[in-house]
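Below is one structure; the comments refer to it alone.
The values are calculated or read from the model by the stated rules, or taken from the named source; none is laboratory data. What you see is a predicted model; the values in this text were computed from it and never measured. All Cβ positions, even for glycine, are placed from backbone atoms using ideal geometry, and neighbour counts span all protein chains on display.
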Amino acid sequence: MRDLKQLIPRKQREERQIEFVTNQHCNFRCFGCDSFSDIIKSPNFDNLVKEDIVNWSKVLVPLSNQSLINCKKVKFIGGETLLTKNLGSFLKVAAENFTADWEIAFHTNGLLLKKNEDLIRLCNDLNVRIYITIHFNDKKYLDRLIENINYTQKFVKDIRLVNSAKYWYSFHKYDKGKIYPFNNDSKLMYENCFASSCRQILNGYMYKCSKLSNLHAALEQTNQLDDPQWKKYLEYKPIHYSNSKEEIVKFFNKKEEDICSGCNTTETYDNVTKMNGMTF
Ligand code: SF4
Ligand code: SF4
């Protein structure tokens, strides 16, 4: 691992975004995935229902209009979102319920785009932005990715590329098939964290970030739900849309918390480690 420069300027990270988790598994297995998708193998399509999108929009749009939260972006995220058959209907519900001043988008690792022409066309119709992450500098992988990007551009203009090939934080340690939290300075970890602007919604509840929303499923997979090292992280309480407006605003605007000590956002994995033996 090597030292890391700050990926997103702090000022930019003050603006937050909502991420609805569509599913937790992925066709990749990037080492250190912040959604634990290298660990969570079982397909899980029950994380998101349309009612969650409608109910959260009823809470978030007015809070944003009143400037109680700094947020005008709603995204769909995995795992790999294109493994979710319902993505198109989720995008439609978001477009109907978040006002036109909100950006609506989904994230993908890109390699399944060519198999999803109808969805790509729908994005164009709904003004949905597609974020494609560049994960590795491997040539075969890049060739396949570029092929998918060129194909997508035939149907939709609004594509953003996110380069994570250079920057890859470690959100947890690995040891003999198990995972463990670090024990770092929580303020420093939070301040350097690119995920700190993302509030994730899973099964109707909002979490501080992807690490906390997906942790339970990952520890279930590694048989560590009783591991004392994860106790305080598993005790972390997300918030529901039925909570009061004051509670939601307070939760949404929280900065560093004790549980940020479990991450290691000042070091990153090199590309080969991150590829985790994958070939393309
Ligand atoms: S492509 Fe994204 S979700 Fe999939 S394993 Fe890699 S980082 Fe995780
Ligand atoms: S727990 Fe804190 S430092 Fe870790 S990913 Fe979440 S916001 Fe970032």
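Scanning region 241-262 for residues that are closer than 23 Å to Phe20 by Cβ and in contact with a helix residue (DSSP H, G or I) (Cβ under 9 Å, 6 or more places away or on another chain) yields Tyr241, Ser242, Asn243, Lys245, Ile248, Val249, Phe252, Lys255, Glu257, Ile259, Cys260.
May I ask you to list pairs of residues, at least six apart or on different chains, whose Cβ atoms are under 6 Å apart, with the first in region 109-136 being of a type in the set (A, V, I, L, M) and the second being in a loop (DSSP other than H, G, I, E, B)? Between residues of region 109-136 that are of a type in the set (A, V, I, L, M) and residues that are in a loop (DSSP other than H, G, I, E, B), the close pairs are Ile120/Phe155; Ile120/Val156; Ile132/Gly110; Ile134/Ala165.
Which one of these is surrounded by fewer than 13 Cβ atoms within 10 Å (Cβ to Cβ), touching a residue at least 12 places away in the same chain (Cβ under 8 Å) and more than 16 Å from ligand 1 (Cβ to nearest atom): Lys245, Lys231, Lys237?
Numbers: Lys231 fails: touching a residue at least 12 places away in the same chain (Cβ under 8 Å); Lys237 fails: touching a residue at least 12 places away in the same chain (Cβ under 8 Å).
Only one candidate qualifies: Lys245.
Of the residues Val156, Val162, the single one that is within 16 Å of ligand 1 (Cβ to nearest atom), of a type in the set (Val, Ile, Thr), in contact with a strand residue (DSSP E or B) (Cβ under 7 Å, 6 or more places away or on another chain) and at pLDDT below 95 is Val162.
Per-residue answers, yes or no, for (1) within 16 Å of ligand 1 (Cβ to nearest atom); (2) part of a loop (DSSP other than H, G, I, E, B):
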position: Asn23; (1), (2): yes, yes
position: Ser35; (1), (2): yes, yes
position: Ile40; (1), (2): yes, yes
position: Phe45; (1), (2): yes, yes
position: Glu51; (1), (2): no, no
position: Val54; (1), (2): no, no
position: Leu63; (1), (2): no, no
position: Ile69; (1), (2): no, yes
position: Leu91; (1), (2): no, no
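For region 153-196, taking the residues that are under 13 Å from Thr265 (Cβ atoms) and among the hydroxyl-bearing types (Ser, Thr, Tyr), the one that is surrounded by the fewest Cβ atoms within 10 Å (Cβ to Cβ) is identified as Tyr167. Residues of region 123-176 that are assigned to a loop (DSSP other than H, G, I, E, B) and within 24 Å of Phe280 (Cα to Cα): His135, Phe136, Asn137, Asp138, Lys154, Ser164, Ala165, Lys166, Tyr167, Trp168.
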